[in-house]
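A quick write-up on the structure given underneath.
The values are calculated or read from the model by the stated rules, or taken from the named source; none is laboratory data. Here the structure is a predicted model, which is why all the values come from computation and not from measurement. Cβ placement follows ideal geometry from the backbone for every residue including glycine, while neighbour counts extend to all protein chains displayed. Calculation scope for accessible area: heavy atoms of the full protein, side chains included, ligands and nucleic acids excluded. Shrake-Rupley method; radii C 1.70, N 1.55, O 1.52, S 1.80 Å.
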Amino acid sequence: SMGKVIIDGAIVDNQWQRLEGDTLEGELPTGNIIVPLAYWQANRDALLSRGDVAVWLAPGEEPKDLEDDLGALPLVAIHFPAFKDGRGYSYARELRTRYNFKGEVRATGDVLRDQLFYMTRCGFNAFEVREDRSIEEALQGLKDFSVTYQGDVNEPRPLYRRG
């Protein structure tokens, strides 16, 4: 099993397998797969015809690298190899605002409870929590704050303009 994932505020079965390294050699597994950007770019036409393929971006790989394909992708994952790199927050925001991406934007890698609330404000709606962390506790991170003063991707108006 691929474990559990948080999508739209609920813990559900993970339907997607993220591939990297030697899992990309030879025959790809059947079912929903998330491939690295470089692999997508090299095998785009064959992967598009499958219809069950998504792409993950590493730090430094930007949504504009996928601009022409976003309409065909059900999901874009943004990988955080380490907590210290925040570029993925900007990528999620770009996907939602500049490219109007309506699919799933999933955070993978070093995803920690304290980040989830802020990630949601940037446009993430799905989270793969590290296996050594509690997904139930991470889910509570989405409820850390009930009111935000600034606008965000989900509610562009600042607090004083709402209601």
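The table for this structure:
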{"quantity": "Verdict on Arg50 being at pLDDT below 90, in contact with a Leu (Cβ under 9 Å, 6 or more places away or on another chain) and over 30 Å from Gln150 (Cα atoms)", "calculated": "yes"}
{"quantity": "Only one of Asp132, Asp144, Asp152 that is assigned to a loop (DSSP other than H, G, I, E, B), charged (D, E, K, R), open to solvent by 40 Å² or more (accessible area, probe 1.4 Å) and touching a helix residue (DSSP H, G or I) at 6+ places or on another chain (Cβ under 8 Å)", "calculated": "Asp144"}
{"quantity": "Options Glu104, Glu128, Glu67; residue that is in contact with a Ser or Thr (Cβ under 7 Å, 6 or more places away or on another chain), among the acidic types (Asp, Glu) and closer than 30 Å to Thr30 by Cβ", "calculated": "Glu128"}
{"quantity": "Looking only at the stretch 94-115, and only at residues there that are of a type outside the set (Gly, Ala, Ser), surrounded by 20 or more Cβ atoms within 10 Å (Cβ to Cβ) and touching a Phe, Trp or Tyr at 6+ places or on another chain (Cβ under 6 Å), the one that is nearest to Gly141 (Cα to Cα)", "calculated": "Val111"}
{"quantity": "Pick from the stretch 16-33, criterion in contact with an Asp or Glu (Cβ under 9 Å, 6 or more places away or on another chain) and within 13 Å of Trp56 (Cβ to Cβ), ranking: surrounded by the most Cβ atoms within 10 Å (Cβ to Cβ)", "calculated": "Trp16"}
